[in-house]
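> One structure, pasted below without further comment.
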Amino acid sequence: MLLTGATEHGVWMDVHLSDALETPDEHYDVVHMLTDADWDALLAVYPSRTPRWREALAYVVAQGPSGPSLRVLRIAIRDEDRDVAVQAALSMIDLCDLDVDVKLADEDRDAIRAAARDATDAVRDDLLSFLDG
């Protein structure tokens, strides 16, 4: 599925997103240049993208603007691929650490708890520690 309605930054993000897990720096810059249309376009293609792409999106948006990033993470944390969901949970925590104005709903906290069940021991501890803190 082609990305439609996006600016050059949204298209670049779509094409290069799978690289973000290894080399995220440029993605961190571009995520701040995305327009509302870019965010909408990325979410429209989200279901058709690979788990690696979806995990990378969840990873990168933690460094982006909180409103659209939280919108992405609320979808990603419920992803059928557990690696995507666990990354989204970690990114929600990072987003909260970077922006004190971000408030998670009870449903978000429940989704983090659910992702923790499928995480490695160290990650599980981090997720549960955040919820308990």
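> Rounding to the nearest 20 debye, state how big the charge dipole of the chain is about its Cα centre with +1 on each Lys and Arg Cβ and -1 on each Asp and Glu Cβ.
Values: 12 positive and 28 negative charges, 86 e Å.
With Lys and Arg at +1 and Asp and Glu at -1, about 420 debye.
> What residues qualify as long-range amide H neighbours of THR7, i.e. H under 5 Å apart, gap of 5 or more or another chain, H built at 1.01 Å from N?
Excluding prolines and chain starts, which carry no amide H, the hits are THR35, ASP38.
> Modelling each spin label as a point 7 Å along the Cα-to-Cβ direction, I'd like the MET1/HIS32 distance in nm, to one decimal.
Computed distance between label sites MET1 and HIS32 equals 3.0 nm.
> Just grab the label-to-label distance for ASP19 and ARG117, each label 7 Å out from Cα along the Cβ direction, in nm (one decimal).
It works out to 3.8 nm between the two label points.
> Quote to one decimal, in nm, the extra length available between ASP97 and ASP81 on full extension: 0.36 nm per residue of separation minus the C-alpha distance between them. List each step's numbers first, then the result.
Numbers: separation 16, 0.36 × 16 = 5.76 nm, distance 2.48 nm.
Result for the pair: 3.3 nm of gain on full extension.
> Taking all pairs of different Cα atoms in segment 39-87, averaging 1/r and flipping that mean, what Kirkwood radius in angstroms comes out?
In segment 39-87 this quantity evaluates to 10.5 Å.
> Out of every Cα-Cα pair in the chain, what percent are more than 24 Å apart?
Details: 1996 of 8778 pairs.
Counting every Cα pair in the chain, those more than 24 Å apart make up 23 percent.
> May I pose another question? Give the calculated FRET efficiency between SER48 and ASP126 to the nearest 0.05, with a Förster radius of 30 Å applied to their Cβ-Cβ distance.
Efficiency computed from Cβ-Cβ geometry: 0.45.
> Excluding ARG49 itself, calculate the net charge of residues whose Cβ lies under 12 Å from the Cβ of ARG49, where each Lys or Arg counts +1 and each Asp or Glu counts -1.
Spelling it out: positives minus negatives among the neighbours equals -2.
> OK, next. Quick one: angle between helix 36-45 and the longest Cα principal axis of the chain, in degrees between 0 and 90, rounded to 10, please.
The helix 36-45 is inclined about 80 degrees to the chain.
> Under the definition of Cα pairs under 8 Å and six or more residues apart, what whole-number percent is the relative contact order of the chain?
Worked out over the chain, it gives 20 percent.
Every number in this text was worked out from the coordinates using simple rules, so none of it is lab data. Everything numeric in this text was worked out from a predicted model, so none of it was measured. Every residue, glycine as well, gets a Cβ built from its backbone with ideal geometry; the counts of neighbours run over all protein chains shown.
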